[in-house]
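The values are calculated or read from the model by the stated rules, or taken from the named source; none is laboratory data. Bear in mind that the values here come from a model prediction, so they are computed numbers and not experimental data. For neighbour counting, all protein chains shown are included, and Cβ atoms are generated from backbone atoms with ideal geometry for every residue, glycine included. Ligands, DNA and RNA are stripped out before the accessible areas are found, and what is left, the full protein with its side chains, is counted by its heavy atoms. Shrake-Rupley method; radii C 1.70, N 1.55, O 1.52, S 1.80 Å.
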Amino acid sequence: MNAVRAIDRIDTGPRFTEQDAIRLNRMFRGTETEEWLRAVIEGSLAGDTAVVSSFGAESAVLLHLIAQVDPTVPVLFLETGKHFPETLAYRDELTDRLGLNRVDLYPEIADLEARDESGLRWSYDPDGCCELRKVKPLATALAGFDASFTGRKAFQSATRASLPRFEVDSSDAQGRLKINPLIDWSAEDIAAYFERHDLPRHPLVERGFPSIGCSPCTRQVSAGEDPRAGRWSGWDKVECGIHKPGEEPFL
């Protein structure tokens, strides 16, 4: 896979401000996803962009949408060492089928040796495990980009219900933009897109996994449960740390 490109950047203040996010949300209000996504990418309205993808249950939709516009946009995948084998196979299948410019990100070996030598940190400190295996590697990679695309959707959980299409990443002091192309898509919209474009489904979906993360921290979901109920079940945790629950939306 490709290495993350380094982008030299003179620090001239935040890339984007809250006012920029508000302006973009207003600019594309009522516009179909394919139309505004193409405008953002082809018009470089968000600068240098990357997609952050887990290659999970619904990832194929966002990856296909972006690949139709520009397949060279880097797709960042966090190789935590804890994924289901099915996820890794699905990742490779979509990469080949869509011609993705995939970049695999790995945790620092020194960090794992110092803080998770046994590989069991997930069992007693899931936040710490996510920090080592997801948050830190992604933060390093995203330092070279102005904006990232995510696959978050409002129907997935209460913490995502009011997110906007464009927001400033609250975890980034330099004002990186976070773009949520599917935030207003319903489960029916997602299913229809899979069918319309004959996209393959993650093999774990039909086995009761509507949201798929690392294998030790993901369980099957029962009928009527929140789609993300199987993530970190039994813990007071709803996000890995890449996305912060309760981020204020910019309307």
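Largest GNM mean-square fluctuation among Ala173, Ala223, Ala191, using the chain with Cα springs under 10 Å: Ala223. Note on the chain: antiparallel DSSP beta bridges, both residues inside, total approximately 30 percent of the bridges counted. Where a ≥ b ≥ c are the square roots of the eigenvalues of the C-alpha gyration tensor, would you call the range 116-209 rounded, which needs a/c under 1.5, or, failing that, prolate if a/b is larger than b/c, or oblate? Because a/c hits 1.5 or more and a/b fails to exceed b/c, the range 116-209 counts as oblate.
Accessible area of Asp96 (1.4 Å probe, protein heavy atoms only, ligands and nucleic acids ignored): about 130 Å². Of the solvent-accessible surface of the range 18-200, computed with a 1.4 Å probe over protein heavy atoms with every protein chain present, carbon and sulfur atoms account for 49 percent.
A 1.4 Å probe, protein heavy atoms only, puts the accessible area of Glu34 near 80 Å².
Work through the residues other than Val221 whose Cβ is under 11 Å from its Cβ and net out their charges, Lys, Arg +1 and Asp, Glu -1. So the surrounding residues net to +2. For the set Asp146, Asp198, the ranking by accessible area, highest first and with no ligand, DNA or RNA atoms included, is Asp198, Asp146 under a 1.4 Å probe. Between the range 122-143 and the range 22-52, the alpha-carbon centres lie 28 Å apart.
For the range 18-200, rounded, prolate or oblate, judged on the Cα gyration tensor with a ≥ b ≥ c (square roots of eigenvalues), a/c < 1.5 rounded, else prolate if a/b > b/c?
prolate
Bridging of Lys237 to lysines at a Cα separation below 16 Å is possible for Lys134, once same-chain residues fewer than 8 apart are set aside.
Taking only protein heavy atoms into account and a 1.4 Å probe, give the accessible area per residue of the chain in Å². About 47 Å² of surface per residue is accessible. Take every Cα pair under 8 Å whose residues are at least 6 apart in sequence, average their separation, divide by the length of the chain, and the relative contact order is 26 percent. I need the shape label for the range 112-153. Rule: rounded when a/c is under 1.5, else prolate if a/b > b/c, else oblate, with a, b, c from the alpha carbon gyration tensor. Cα axes put the range 112-153 in the oblate bin. Over the chain, DSSP H runs of length four or greater, each weighted -39,500 (n - 2.57), average out per residue to a 222 nm ellipticity of -8500 deg cm²/dmol. Shown in residue order for the range 168-178 are the 3J(HN,Hα) couplings computed by the Karplus curve 6.51 cos²θ - 1.76 cosθ + 1.60 at θ = phi - 60°: 8, 5, 5, 8, 10, 5, 8, x, 5, 8, 10 Hz (x for Gly and Pro).
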